[in-house]
Structures are given as structure tokens and as C-alpha cells.
Amino acid sequence: MQSDYATSPKEDSTAMKVLHGRAADLPTEDLLASLGGPLRAGLDEEVEALQRRAQIALGVGRGRLVGSCGSVLDAFAPIKHAKLENGDVLLLQIQRTQVQTSGHTFAAVLGDGSVVTWGRASVGGDSSAVQDQLKNVQQIQASYSAFAAILGDGSVVTWGNAAAGGDSSAVQDQLKNVQQIQAILLDLQRRLGPVK
């Protein structure tokens, strides 16, 4: 499939081979033939545009692009800032949706690393205040009334009831290169009192 993006000789562009995670054992040439050749994108386009074209070409749902060095590409960054070169091989990573609950609220990490929340707003069901930060989410953890998400760069985003961990602003500068988060025990939270 040729991309609907046309390049001219005067225009900076890059072509990338995109592999589907489940087809990684196929020879690159066979996979490219099934796609109709490399997918093309302009350097000023966001990575998300190339990601969408790969999803359509492969006939799969939402995913995220992983560079040849193994790092997840920021979908909202221009391709020229993603440190990609013409002919790079990328992986479209499709993962299962991860869902956590805080008792009255749910949060789901989607295949592209974004987060959707619903339920009681005061205990994390409304993540609109941090939604612009919830990109490239690797893991999410729920306490009884708050959520914490580890991003691809090792930083942490929290929301929900501030008294239950939903406000991490006092320690935000210490939350770097975080590998794992664990919520406190529900029994301890019950002893502290009801969520307001």
C-alpha cells in the first residue's frame, strides 16, 4: 500500500519500515511486501500520523511505535524530533488494555499508552487535570481513591483524592526513573476513614 502522503524532491521526508509486533518473526521483506512498501511521513508530521497509517495498513487497533533502540516514540512529537532516520525499522507495539480500580472508579491504559478514566470524579474518575500528561503510560496503580501512572520516561503522574495519594506535587522532583509503584493496603485505608 502506498501512503497517501506524497513527497516531492524539495520536501524533507523519511520512509520507515513498520513491523507489527505479532509478525516480528517474518522476514522484513515479506512484511513490507504485505504493506505494499515502506510507510512514508513528512519530518514535520507528528509520530501519531505515522502510527495511524501503520495501524490502518496492518489492520490492527491502537498501538505505539517503538524505535530500533527499543524506546517508545512520543506520539505527539514531530518525526524530526524522534531521532529517526530514513529507512529505520519500527515496531508497532499492540498490548492488552490494563484496567485498575479504586473501588468507585476505573482507569484503563490503552494500547497506545493513553489513559481513560470513569466513575466517581472525586476519587480518580475525572483525570482531566492530568490528561495531557497521561501519554506513554507503562503501568498504572490504584489505591482506594487515587491513581498513579508511571510514564515511559520514569516519571509519575497522580490524580484522585489528594489525601490518598492523588497529589504527588510535594515529592514530584523525587519521582524520576521510577520502575514500580505499589498502593497501600486497603485495610490501612479503611482504618484511616471514609473517602470524602
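The numbers here are math on the coordinates, done by the rules we state, and not lab data. On a predicted model such as this, the values are computed, not experimentally measured, just so you know. Glycine gets a Cβ as well: all are built from the backbone with ideal geometry, and neighbour counts include every protein chain shown.
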remark   = Full extension between ASP44 and VAL66 adds, at 0.36 nm per residue less the Cα distance, a length in nm of 6.1 nm
Stretchable slack from ALA77 to ALA108, in nm (0.36 nm times residue separation minus alpha-carbon distance) = 8.9 nm
task = Round to the nearest 0.05 the FRET efficiency obtained for GLN131 and GLU85 when R0 = 30 Å and r is the Cβ-Cβ distance.
result = 0.40
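Expressed in nm to one decimal, what extension gain is obtained for the pair ILE56 and GLN174 from 0.36 nm per residue of sequence separation less their Cα-Cα distance?
Contour length minus Cα-Cα distance gives 38.5 nm.
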